[in-house]
1. Would you confirm whether or not segment 28-48 contains a residue that is open to solvent by less than 100 Å² (accessible area, probe 1.4 Å), assigned to a helix (DSSP H, G or I) and modelled with pLDDT of 95 or more?
2. Go through segment 87-108 residue by residue and tally those that are out of contact with any strand residue (DSSP E or B) (no Cβ under 9 Å at 6 or more places or on another chain), open to solvent by 100 Å² or more (accessible area, probe 1.4 Å) and either assigned to a strand (DSSP E or B) or at pLDDT 85 or above (or both).
3. Kindly provide the set of residues from segment 57-79 that are within 12 Å of L101 (Cβ to Cβ) and at pLDDT 80 or above, ordered by number.
4. Testing L21 on (1) at pLDDT 85 or above; (2) in a loop (DSSP other than H, G, I, E, B); (3) among the aliphatic types (A, V, I, L, M), one condition comes back false. Which one is that?
Amino acid sequence: MTFGQALIYSLLGILVVFFALVLLMVIIKLLIAVSDRAAKKTPAPAAPEAAVPAPASPTAPEAPGSAGELKLYDTEPRVAAMLMAIVADELGVPVNELRFLSIRELKE
């Protein structure tokens with residue numbers, strides 16, 4: 001095999017790889033477009049009932065929008081606040097409409 005033939009084979013190999021990559025990119029974009037179109041046609045699911053009203057505390061009055069007492073187990077208050085904010089954001093519900101009973105860190 002001469003140098004010219006080796007160069008041609010190398011270029012053909014590179015072209016085949018790039019063609020396959022472009023083909024995969026087109027297939028992925030088509031799948032995304034189809035799934036977006038299907039998602040637009042289906043109605044949005046009803047929002048889950050996220051909050052249950054807390055019973056009135058006999059010891060101290062609760063702040064407006066408060067949902068009761070929160071127990072923290074091996075969790076810092078700052079971390080718990082961040083977790084509650086993330087959950088509220090993911091659910092699309094204000095934090096004061098959610099009721100957290102306890103938060104604990106899972107150790108593995």
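1. yes
2. Qualifying residue count for the region: 2.
3. K71, L72, Y73
4. Tallying (1) at pLDDT 85 or above; (2) in a loop (DSSP other than H, G, I, E, B); (3) among the aliphatic types (A, V, I, L, M), L21 fails exactly one: (2).
The values are calculated or read from the model by the stated rules, or taken from the named source; none is laboratory data. Computed from a predicted model, the values in this text were never measured in an experiment. Note that we place each Cβ from the backbone using ideal geometry, even for glycine, and neighbour counts take in every protein chain shown. When the accessible area is computed, the model is the full protein with side chains, heavy atoms only, and any ligands, DNA or RNA have been set aside. Shrake-Rupley method; radii C 1.70, N 1.55, O 1.52, S 1.80 Å.
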